[in-house]
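This report concerns only the one structure given below.
Read-outs throughout are calculated quantities, based only on the coordinates presented, and are distinct from any laboratory measurement. A quick note: this is a predicted structure, and the numbers were derived from the prediction, not measured. Note that each Cβ is placed from the backbone with ideal geometry, even for glycine, and that neighbours are counted across all protein chains shown.
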Amino acid sequence: MTGAAKRLGREIALQFARQGWDIAVHYGRSAQEAAQTLKEIQALGVKAETFQADLADEAATKNLFLAVSKAFPNLDCLVNSASIFEYDRANSSTPLSGKSLLEHMQVNLTAPILLAQLMFELQKSKAITSETIPGVIPAVIQLLDQKLINLNPDYLSYTLSKAALLSSVELLAMDFAPYLRVVGLAPGISLRSGDQTNEGFAKAHQMTPLGKSSTPADIAKAAVFLAESGAITGTTLYVDGGQHLLPSSRDVMFKTNSVF
């Protein structure tokens, strides 16, 4: 699982471990947090190891998968949680730059697709050499964002990268069947971001039809559900309290905070 050292990635990794899954914990620079997450997962009685890799580096990304698949030969689920989330907007004092766009695309789009391709190759080779049919077809889960339905121009590089990843869910699901499922999981506002205050987050979290958005536990439980649901592929599950049903011209943070 990429980006499993902290935030949503950590919660998802722990929830899988509670359900008896062995966990490969990837991290980029958060070594201390990864070590703590590893300790908590191992306390649940499952196998777990940490793996460091810079997902902006294509060779490192491929080597990451090779190392994980060697340590976990029965790899059944890949969760791509790691992402870059930095502010830019075309019509602002922080405009999109080529450097920012490429960085977001590399980590948020290219790395998840490269890892998905490697996961497909692994599952196909296992299926060809095995006489048994898996009870549940393995899956790739791509972490997305509810704002892909409820678009606004804030966080432009991030949004473009995640929009492309959303499109890839259906395309890859068609291409990788019947050996591998590909699904999207789109959270709402679940944790504070950037300079958002606790008060601002509390207000933003309530701005949904249900009066509350998703919690990290909601997202983690949904990820396990998707991993264990063999008939789901090529679609995206929005877990956001209905936040995507409320169109907005600005990111929700700008309605509750003076962030930028």
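Observations, loosely collected:
- Proximal charge balance of PHE176 [Cβ under 15 Å; K/R count +1, D/E count -1]: -1
- Contour excess over end-to-end distance, with Cα ends at LEU246 and ASP76 and 0.36 nm allotted per residue: 57.6 nm
- Given charges at Cβ of Lys, Arg, Asp, Glu: the chain dipole, positive-most of SER167, ALA5, GLY242: GLY242
- Order of MET1, MET207 under a 10 Å beta carbon neighbour criterion, fewest first: MET207, MET1
- Here the gap between ALA43 and ALA67, fully extended at 0.36 nm per residue and compared with their Cα-Cα distance, gives a gain of 6.3 nm.
- Between ILE149 and ALA35, full extension at 0.36 nm per residue minus the direct alpha carbon distance yields a gain of 37.5 nm.
- Centre separation in Å (Cα based) which lies between the stretch 8-58 and the stretch 88-115: 25
- Panel order for GLU11, GLU33, GLU199, by other beta carbons found within 10 Å of each beta carbon, from fewest to most: GLU199, GLU33, GLU11.
- For the chain, the alpha-carbon coordinates run over 57, 37, 34 Å along the three principal axes, in decreasing order.
- Residue order, fewest to most beta carbons within 10 Å, for SER30, SER97: SER97, SER30
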